[in-house]
1. For the range 161-169, state whether one or more residues are of a type outside the set (A, V, I, L, M, F, W, C), open to solvent by 10 Å² or more (accessible area, probe 1.4 Å), touching a residue at least 60 places away in the same chain (Cβ under 8 Å) and part of a strand (DSSP E or B).
2. Of the numbered conditions (1) part of a helix (DSSP H, G or I); (2) at pLDDT below 95, ARG87 satisfies every one except a single condition; which is it?
3. Considering only helices (runs of 4 or more DSSP H) fully contained in the range 215-307, which possess at least 3 residues that are closer than 26 Å to ILE131 by Cβ?
4. Could you list, in sequence order, all residues of the range 355-384 that are touching a strand residue (DSSP E or B) at 6+ places or on another chain (Cβ under 7 Å), open to solvent by 30 Å² or more (accessible area, probe 1.4 Å) and not in a strand (DSSP E or B)?
5. Only one of these is open to solvent by less than 40 Å² (accessible area, probe 1.4 Å) and modelled with pLDDT of 85 or more: LEU289, LEU302, LEU322. Name it.
6. Take the range 117-139 and flag every residue that is open to solvent by 10 Å² or more (accessible area, probe 1.4 Å) and not polar (S, T, N, Q).
7. Could you please find all residues in the range 236-272 being within 23 Å of ALA376 (Cα to Cα), of a type in the set (Lys, Arg) and either within 23 Å of the chain's Cα centre (by Cα) or exposed (fewer than 15 other Cβ atoms within 10 Å of the Cβ) (or both)?
Amino acid sequence: MYKFVNRPKSICLILGLVFLKIILLGCEKPPRPNPPLSANKIRINDVSQLNPTDVSQITNATQVRDLQRSIRLAKDKGLKISIAGKRHSQGGHAFYDDAIVLNMEDFDQILDFQPETKTIRVQSGVTWVQIQDYINPFGLAVKTMQSTNIFTIGGSLSSNIHGRDLHATTIIDTVRSFRLLTVEGKILTCSRDQNTDLFHLVIGGFGLFGVILDIELDLTENRVYQKSAILMDYTQFPSYFEQQFKGSSGVDLLIARPSISLGKQFMKETVVTIWQRTGQKMTRDLLKLRGEENVGRDRFLLNLSRKYKWSKRLRWYLQKKLVSKPGRTEIISRNNAMAPPTAPYELLVRKSPKNTDIVQEYFIPKSHFVDFMDGARKIMLDNSVNLLNVTIRYCAGNCEAFLSHARKDSFSIMFYTSQNLSSSGLIQSEKMTLQLVDLALKYKGAYYLTYQLFLTQSQIRQAYPLLDEFFNLKRQYDSQELLMNQFYRKYAVNNN
């Protein structure tokens, strides 16, 4: 997204005067209360608000014995188990009807830290921000994480997340080992040398093979970067990427943002931002971790852009002139480049009874990037999609995870949209998604499975040809199908 940092007071004053008369238009009514629950049930949902689910119990686990007790209870009562963290997977991966939900957010201890070997072992409920806070004084940083740092490590592992680092693009690249609690109550160490099948299945396995207890991760140096940006046409991006980032340029991080401003530059004009290594020493000021700023003000402008085309044009103008600032440079630490305000989160937190924000992501082989963007632009315009943001990152081909989303070097294209919660709005969203999935498949790409369950049985198997084998292996490791979620229920068509 965008973030206003160090902007001139005069611009703030002008924006304040412009928006003074319409400030009430950006306000939202309080959410409607949920429908009544059935007896003895608890209703939970994910961040998309599209998957309300009534569950039997939520276990706020703090000890391994809490998890083991819940497994025994589920077996005794004939219930299923689902595993939840921050609930940002939007395809029902953390829920199942009447299940016992293991809430892992309080399972959050840092167990071991070895600065000399650049490794850390943490429980699965630890968040990236906890790790950053812990390792920052030692001159170390995370290798691979999402753009924002609020997610749990266990959830990140279960989704095999990817980030902006060009050299370790997915989390599986950085995992040394993890411990897994199985449905039989056993604790197994999984790595590239031990229980290797489970290592490849659990990472990107959406909690269907066991409960991740703790993870040992590789870390890297908290380097000093020079941040810079360049404005280009989207057709120039693939060749620019090859020229700049395949040699010894010292570029470690990259993200690109195409225009959301409707008009001739829609999804064409693109800002590419890079973070390049410098020889500068870390100073106390650079080392200090910054936080998210001006949340209310920026959220207000974001809300306006959900409603007005002129506000999208303004946001894109501000993105170029005041945030990315092509032609200017900034010196920043790696940890601050991978945390707010560079990667905001609170800005995006929102609840509304009328609409929600949803994310979709596609992994497209580099040679087909321009073709996909051309097709996606047409789909967005034909369906009048309320597009709030587009980001592009690089994802190196990797087949280690059984359900790898990028088996070839690809660009990930993420669409962040505002979605009407009415029946007609949801139908339109599904239609748009199915068209985008078909487009991605046409160009040998894939849809990221952490998002909505709109894919058809045929589409998902074309994108993930090992899916049925994955489900068969799940049933081998969990013959009673104790670990369940909505994703499995929809797509494991052969389950009993």
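1. Yes.
2. The one condition ARG87 does not meet is (1).
3. It comes to 284-287.
4. Within the range 355-384, just LYS366 meets the criteria.
5. Step by step, each of LEU289, LEU302, LEU322 is checked, and only LEU302 is open to solvent by less than 40 Å² (accessible area, probe 1.4 Å) and modelled with pLDDT of 85 or more.
6. Within the range 117-139, LYS118, ARG121, VAL129, ASP133, TYR134, PRO137, PHE138, GLY139 qualify.
7. Of everything in the range 236-272, those that are within 23 Å of ALA376 (Cα to Cα), of a type in the set (Lys, Arg) and either within 23 Å of the chain's Cα centre (by Cα) or exposed (fewer than 15 other Cβ atoms within 10 Å of the Cβ) (or both) turn out to be ARG257, LYS264.
Listed here are the residues, each with its yes/no results for (1) assigned to a loop (DSSP other than H, G, I, E, B); (2) touching a residue at least 60 places away in the same chain (Cβ under 8 Å).
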| position | (1), (2) |
| --- | --- |
| HIS405 | yes, yes |
| THR417 | no, yes |
| GLN428 | no, no |
| LEU455 | yes, no |
| TYR488 | no, yes |
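The values are calculated or read from the model by the stated rules, or taken from the named source; none is laboratory data. Everything quoted here is computed from the prediction, not taken from an experiment. Every residue, glycine among them, receives a Cβ derived from its backbone with ideal geometry; neighbour counts consider all protein chains shown. To get the accessible areas, we keep the full protein, side chains included, count just its heavy atoms, and leave off ligands, DNA and RNA. Shrake-Rupley method; radii C 1.70, N 1.55, O 1.52, S 1.80 Å.
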